[in-house]
Structures are given as structure tokens and as C-alpha cells.
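The values are calculated or read from the model by the stated rules, or taken from the named source; none is laboratory data. If you're wondering where the values come from, they're calculated on a predicted model, not measured in any experiment. Virtual Cβ from ideal backbone geometry, glycine too; neighbours counted across all protein chains shown. Surface areas here come from the heavy atoms of the whole protein model, side chains and all, with no ligands, DNA or RNA. Shrake-Rupley method; radii C 1.70, N 1.55, O 1.52, S 1.80 Å.
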Amino acid sequence: MLVDTSTINKKLDFHKWEKANRMSIMVIRGAIPDAIQGGIPIKDTAKELMEVIQSQFMSSTKSMIGTHMGQLTSMRYNGEGSVRDHILQMADLVYKLLSLDMNLNDDFLVQLAVNSLPKKFETFKVNYNTCDRKWNVNELIAHCVQEEERQRRETKKYAHFTTAGPRKKDFKKSWKE
């Protein structure tokens, strides 16, 4: 704070600080979404403003962690879309949790993703669990996509046998002959 006996250098420094502080407050306020602007009180210094913002969002960090963890642990692949998209959605949640200072690693995500696969991936799961080497997320995606393609080919093959098989009339004729 300035007093009458402050030196010229002190006054110049104070004015520079005051300008920088005003600019900082403007930048911080400009970065706050309009929807929550009214919930943040007006403060005289950028430091005070940052402290208020931090205190208000500290508790919401915990709730965000809870929300993301709940979504992550309850995700199941239901066959809609691709298995790649499913695993990438899980990875996105893990990266959000990492940004909130949660300590999660690739092994956790890979195991969680494998566990989220449906019953039709049961053989794949057994093969993964008996494999000596751990996979990273990219390897898991590659193997899952390969398994998904194999399952699609199998389904098409069975669908072809069903449609290409003998018709009911022809089948009855062959029994009579």
C-alpha cells in the first residue's frame, strides 16, 4: 500500500502491480463460464479471487471423481457401436480422473475394460487372463477389434448357412425319398 512518504520507485512499482492485478482479474473472470459467474464473489486481488475459486471447486472435484469412477466401473459393452469406441470412452474417463489427481494406471484400465466385455467375449477374456504378458490400452483395443471382427465373420457364416440351407418343402421331400 502506498503512503505519502513512499518513494517514486515504490509508487511506480505499485502502479505496475495494480495494473497487472486488474488485468489478471479480468483474464480470470473472462475464463469463468457465464453460468457460474454470479456465484463467484468480487475480490480486490487476483490472489484472493483464485483462493475463492479454489475453495469453491475443491469439493466439486471430489464429486467429479465420484461421478467419473461410478461411470467407469459401471460401464459394460452392450454390442452397440464398436468395442474400440467403448474402450476409448473408458480411457477418456480414466484420463479425466488422472487430471483430477487420481492415481490410475494402464493395467487398471485394461483389466476394467476386459471385465466390461459381454459373455460373447468369454473365450477372449480367458485367453487374456491366461496370457503371461500384460497388454497396454492400444494392444487391448487391437485385440478386441480383431475378436469383434472374428465374431462378425462367424455370425455372417452362420446366417449364410441358415439362409442357404434346404427349404422346408425340399427338406420334407428328401425324407420321403
**Q.** Computed lengthening from Leu2 to Val27, 0.36 nm per intervening residue step minus Cα-Cα distance
**A.** 6.5 nm
(Q) Which one, His86, Ile25, Thr7, is farthest towards the positive end of the dipole of the chain when Lys and Arg carry +1 and Asp and Glu -1 on their Cβ? (A) His86
Q. Of the listed peptides 75-88, 44-57, 8-21, what is their order by residue-averaged count of other C-beta atoms within 10 Å, with the highest listed first?
A. 75-88, 44-57, 8-21
**Q.** Radius of gyration and Dmax over the Cα atoms of the chain, both given in Å
**A.** 30.3, 121
Q: Leaving ligands, DNA and RNA out of it, report the carbon-plus-sulfur percent of the accessible area of region 6-152 at a 1.4 Å probe.
A: 56 percent
**Q.** Cα centre as origin, Lys/Arg/Asp/Glu Cβ charges: region 1-148 dipole, Debye
**A.** 360 debye
Q. Over the chain, what relative contact order in percent results from Cα pairs under 8 Å that are six or more residues apart?
A. 16 percent
Q: Using the heavy atoms of the protein chains and a 1.4 angstrom probe, tell me the accessible area per residue for the chain in square angstrom.
A: 75 Å²
**Q.** Equivalent ellipsoid, region 13-111 (semi-axes from 5 times Cα gyration tensor eigenvalues, Å)
**A.** 40, 13, 13
Q: Find the centroid of the Cα atoms in region 16-54 and in region 105-122, then give the distance between the two in whole Å.
A: 44 Å
Q: Rank-order 142-148, 103-109 by packing density, defined as the average count of other C-beta atoms within 10 Å over each peptide's residues, highest first.
A: 142-148, 103-109
